[in-house]
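The block underneath contains the structure these notes are about, expressed in structure tokens.
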Amino acid sequence: MKRVAKIQLPEEEWKKRLGPDVCLIVRRKGTEPAFTGKFHDFKGKGIYQCAACGTDLFVSDAKFDSGTGWPSFFEPVAPTNIKTAIDLSHGMIRTEILCPRCGAHLGHVFDDGPGPTGKRRADRRLTNRRYCVNSRALKFVKKS
């Protein structure tokens with residue numbers, strides 16, 4: 001497994017590089033309103049990368065319309081390209097997804113996507129993943 005160097009910057013540097021709208025999502029764990037992000041209905045072919053550091057996260061072939069208003073993917077580029085953490089905010093228990101390189105908040109993963117995509121529950125049954133991602137946490141590189 002290839003390891004990449006972690007990126008750690010002071011918050012003021014992140015603000016200068018990313019701007020307030022992106023920082024609200026990726027550094028302060030915000031969420032953009034449903035159906036407002038530039039990628040929720042986007043159909044381009046290529047790679048979705050972390051808006052903060054450029055790490056490859058998802059390929060366009062893994063994107064699907066979940067009807068939720070956020071870009072949704074059924075799997076990352078590779079398991080090592082997504083980090084997860086328990087999120088207890090807003091009175092819920094969710095699984096947050098983060099960029100493993102810079103720690104950017106991307107969104108959340110749920111077990112209600114298409115599939116089965118291989119995630120095992122506590123009872124060992126396969127579930128269906130839906131990686132629900134904020135558009136502002138992503139940048140897109142068109143397939144050449």
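Since every read-out is calculated from the coordinates, none of them should be taken as a lab result. Please read all numbers here as calculations on a predicted model, not as lab measurements. We place every Cβ from the backbone using ideal geometry, glycine too, and count neighbours over all the protein chains shown.
Quick look at the values:
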quantity: Index of the failed condition, PRO76 passing every other in (1) touching a Leu at 6+ places or on another chain (Cβ under 7 Å); (2) over 17 Å from GLY113 (Cα atoms); (3) in contact (Cβ under 8 Å) with a residue 40 or more places away in the chain; calculated: (2)
quantity: Neighbours by Cβ (under 6 Å, 6+ apart or cross-chain): first from region 130-144, at negative phi and in a loop (DSSP other than H, G, I, E, B); second of a type outside the set (D, E, K, R) and surrounded by fewer than 22 Cβ atoms within 10 Å (Cβ to Cβ); calculated: LYS143/GLY46
quantity: Positions within region 51-90 being basic (Lys, Arg) and surrounded by fewer than 18 Cβ atoms within 10 Å (Cβ to Cβ), in sequence order; calculated: LYS83
quantity: Selected residue [touching a residue at least 24 places away in the same chain (Cβ under 8 Å) and surrounded by fewer than 13 Cβ atoms within 10 Å (Cβ to Cβ)] from LYS29, LYS6, LYS43; calculated: LYS6
